[in-house]
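> Sharing a structure, written as structure tokens. Questions coming.
The values are calculated or read from the model by the stated rules, or taken from the named source; none is laboratory data. Predicted, not measured: the structure shown is a model, and the values here were computed from it. Every residue, glycine among them, receives a Cβ derived from its backbone with ideal geometry; neighbour counts consider all protein chains shown. All accessible areas refer to the heavy atoms of the entire protein, side chains included, with ligands and DNA or RNA removed. Shrake-Rupley method; radii C 1.70, N 1.55, O 1.52, S 1.80 Å.
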Amino acid sequence: MKVLVLNCGSSSLKYQLIDMNNESVLCKGLVERIGIEGSVLKHEKDGMDEKYVVEQPMKDHKDAIKLVLDAVADEKVGAVKDMKEIDAVGHRVVHAGEKFACSVVITEEVEAALKECIDLAPLHNPANLMGIDACKAILPDVPMVAVFDTAFHQTMPKSSYLYGLPHELYTKYGVRRYGFHGTSHKYVSQRAAEMLGKNIEDVKIVTCHLGNGASIAAVDGGKCVDTSMGFTPLEGLIMGTRCGDIDPAIIPFLMRKEGLDADAIDKLMNKESGVYGMTGISSDFRDIDAAASEGNELAQAALEAYVKKVQKYIGAYATEMNGLDAVVFTAGVGENSITIRERIASNLEFLGIKLDVEANNVRGKDTVISAADSKVKLLLIPTNEELMIARDTLELVK
Ligand code: ADP
């Protein structure tokens, strides 16, 4: 069975064709600048020396998906002879509100439900829906599945998802914690249990998805019980350009002082803050790391604040679960930054966490990086959201 995984953004689209017989990636690629001048598709498969690049106007997601399918079934660069070999399509969808706690086969009702969630994810859900519509038009007989970023977190108890706000704001507008990166937290927690040789039901894990956007989840017995992102992906950790947790009173204060309206303060917190705003250097942690090593004090302070925030959440979630068996690092920073992992682990000895500095000297592959006598295991696990989407898709359509 071959599953096409699609992740549609507002002007971009990532795809992978996965052979579910052995979970191998047959080909993958990226389309950028959909609907904007300079549309381009970059496609690759194993054994190709260079990426196959197509530059041609694409006015919408339908044009883009047509081009993707042409590449996937191309005689030279493709991975199948005919697009009829695609058995199912799995779509990444960002927000399902409280409507879905697991992946679902896409029907008219599901599409309608996702439209109702547009208010909650105005930047993401419309693009995801465009991808679904475009696929439906081109591959009308192929079953499609939606896999949601929010679904894994739907097991959180009320005590984790309710804010200290008037209850009617929850009933009226759905103002509550939803959490994001759920597909990643689910994948790495399952993989962690496998690597520990334990049943997932028997372990308490904190999963740290540290990328440009970053979130932490407390996973007790395979179920998410708390997570750091909230109503939107702005809450929680300090990120590349997002501020994470701040005193909410700062918002009206700045609006008055700087004469900002709602959109301007939203932009400030989402795009101009985080380590980028704190340093004025970059949102890329490699640049911050380099500047800190060269003695830049703002970069040093930003890194320290970033690391402390991660540690606070690990400590809080260990307390919340009343125990901790493993901490997982994943995503861009978590998979690649040896120094940031080391700094995070260095202050958590009291929890029974002991890093193996040698073992930690690794990037991007499944590795146990804690010392043999560490009570709590530390794991580096590259995330694989596409594979998780393909697995859910296979499960639901087979
Ligand atoms: P997203 O999917 O949220 O865009 P990723 O998970 O791809 O993010 O992570 C991207 C981030 O990973 C980059 O901003 C970069 O800062 C960070 N990163 C990648 N490699 C390294 C490294 N060697 N050291 C520190 N940070 C790194």
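> Note down the magnitude of the dipole of region 195-287 about its Cα centre, charges +1 on Lys and Arg C-beta and -1 on Asp and Glu C-beta and zero elsewhere, to the nearest 20 debye.
Numbers: 9 positive and 14 negative charges, 26 e Å.
It works out to roughly 120 debye.
> Can you compute 3J(HN,Hα) from phi for each residue in region 34-48, using the Karplus curve 6.51 cos²θ - 1.76 cosθ + 1.60 with θ = phi - 60°, rounded to whole Hz and x for Gly and Pro?
For region 34-48, the Karplus curve yields 5, x, 10, 4, x, 4, 8, 10, 10, 10, 8, 9, 3, x, 7 Hz.
> First check a/c for region 161-244, with a ≥ b ≥ c the square roots of the eigenvalues of its C-alpha gyration tensor; if it is under 1.5, answer rounded, and if not, answer prolate when a/b is larger than b/c or oblate otherwise. Intermediate results must be reported in sequence, preceding the final value.
Numbers: a/c = 3.18, a/b = 1.57, b/c = 2.02.
It comes out oblate by the Cα gyration axes.
> Taking the simple approach of a point 7 Å from Cα along Cα-to-Cβ for both Thr107 and Glu358, what is their distance in nm?
Distance between label points: 5.7 nm.
> Given the protein chains as shown and a 1.4 Å probe, how many square angstrom of Lys257 are accessible, to the nearest 10?
150
> Now a separate question. Out of residues 5 or more away from Ser370 or on other chains, whose amide H comes under 5 Å of its own, with H placed 1.01 Å from N in the peptide plane?
Asp356, Leu378
> Can you compute the helix-only [θ] at 222 nm over the chain? Use -39500 (n - 2.57) per DSSP H run of at least 4 residues, normalise by all residues, nearest 500 deg cm²/dmol. Display every interim value, and only then the final one.
Working: 14 runs with 148 residues, N = 398.
Result for the chain, helices only: -11000 deg cm²/dmol.
> Filter the cross-link list Lys2/Lys66; Lys99/Lys267; Lys115/Lys172 down to pairs whose alpha-carbon distance in this structure exceeds 21 Å.
Numbers: Lys2/Lys66 18 Å; Lys99/Lys267 28 Å; Lys115/Lys172 17 Å.
Going by Cα-Cα distance, Lys99/Lys267 fall outside the 21 Å limit.
> Tilt of helix 61-72 relative to the longest C-alpha principal axis of the chain, in degrees (0 to 90, nearest 10)?
Relative to the chain, helix 61-72 is tipped by roughly 80 degrees.
> Among residues other than Arg92 whose Cβ falls under 12 Å from its Cβ, what is the net charge (Lys/Arg +1, Asp/Glu -1)? Display every interim value, and only then the final one.
Working: positive: Lys14; negative: Asp149, Glu385, Glu386, Asp392.
The answer is -3.
> Quick one: the Cα spread of region 2-148 along its three principal axes, in angstroms, biggest first?
Result, largest extent first: 45, 39, 22 Å.
> Arrange the residues Cys135, Cys102, Cys243 by how much accessible surface each exposes, largest first, with a 1.4 angstrom probe. The partial results should precede the final answer.
Numbers: Cys135 0, Cys102 80, Cys243 20 Å².
Greatest to least solvent exposure: Cys102, Cys243, Cys135.
> Using the Cα centre as the reference, give the magnitude of the dipole from point charges on the C-beta atoms of the chain (Lys, Arg: +1; Asp, Glu: -1; all else neutral), rounded to the nearest 20 debye. Please report the intermediate quantities before stating the final value.
Details: 44 positive and 59 negative charges, 103 e Å.
With Lys and Arg at +1 and Asp and Glu at -1, about 500 debye.
> Here's a follow-up. Considering the chain as a Gaussian network with a 10 Å cut-off on Cα pairs, which listed residue, Ala359, Ala249, Ala73, attains the greatest mean-square fluctuation?
Of Ala359, Ala249, Ala73, the most mobile in the Gaussian network model is Ala249.
> Can you find, among Met20, Val105, His43, the residue sitting farthest towards the positive end of the charge dipole of region 2-148, where Lys and Arg contribute +1 and Asp and Glu -1 at Cβ?
Of Met20, Val105, His43, it is His43.
> Okay, moving on. Tell me, how many Å apart are the Cα centres for region 335-367 and for region 24-99?
36
> First select every other residue whose beta carbon is under 15 angstrom from the beta carbon of Glu235; then total the charges, Lys and Arg +1, Asp and Glu -1. Present the calculation step by step, with values, prior to reporting the outcome.
Details: positive: Arg176, Arg177, Arg242, Lys309, Lys312; negative: Asp149, Asp226, Asp245, Asp247, Asp266.
Once all neighbours under 15 Å are counted, the net charge is 0.
> Okay, next question. In whole Å, how far is the Cα centre of region 283-300 from that of region 171-242?
Using only Cα atoms to place each centre, the spacing works out to 27 Å.
> What is the projected area of the convex hull of the Cα atoms of the chain, averaged over all directions, in nm²?
21.2
> Per residue of region 212-218, what does 6.51 cos²θ - 1.76 cosθ + 1.60 with θ = phi - 60° give for ³J(HN,Hα)? Whole Hz please, x for Gly and Pro, Karplus curve as stated.
Once θ is set to phi - 60°, the couplings for region 212-218 become 5, x, 9, 8, 10, 10, 9 Hz.
> Here's something else I'd like to know. Per residue, how much accessible area does the chain have with a 1.4 Å probe, in Å²? List each step's numbers first, then the result.
Details: 18810 Å² over 398 residues.
Accessible area per residue, the chain: 47 Å².
> Now, a different point. Only four residue types carry charge here, +1 at the Cβ of Lys and Arg and -1 at the Cβ of Asp and Glu. Report the dipole size of region 265-309 about the Cα centre in Debye, rounded to the nearest 20.
On the way: 5 positive and 8 negative charges, 42 e Å.
Here the size comes out at about 200 debye.
> Show which aspartates and glutamates lie in cross-link reach of Lys223 when reach means a straight Cα distance below 14 angstrom and same-chain residues fewer than eight apart are skipped.
Excluding near neighbours in sequence, the set is Glu201, Asp202, Glu320.
> State which entries of Lys271/Lys354; Lys28/Lys158; Lys59/Lys186; Lys198/Lys271; Lys158/Lys186 exceed 30 angstrom in Cα-Cα distance in the structure shown. Working shown, then result.
On the way: Lys271/Lys354 35 Å; Lys28/Lys158 39 Å; Lys59/Lys186 35 Å; Lys198/Lys271 41 Å; Lys158/Lys186 20 Å.
From Lys271/Lys354; Lys28/Lys158; Lys59/Lys186; Lys198/Lys271; Lys158/Lys186, over 30 Å: Lys271/Lys354; Lys28/Lys158; Lys59/Lys186; Lys198/Lys271.
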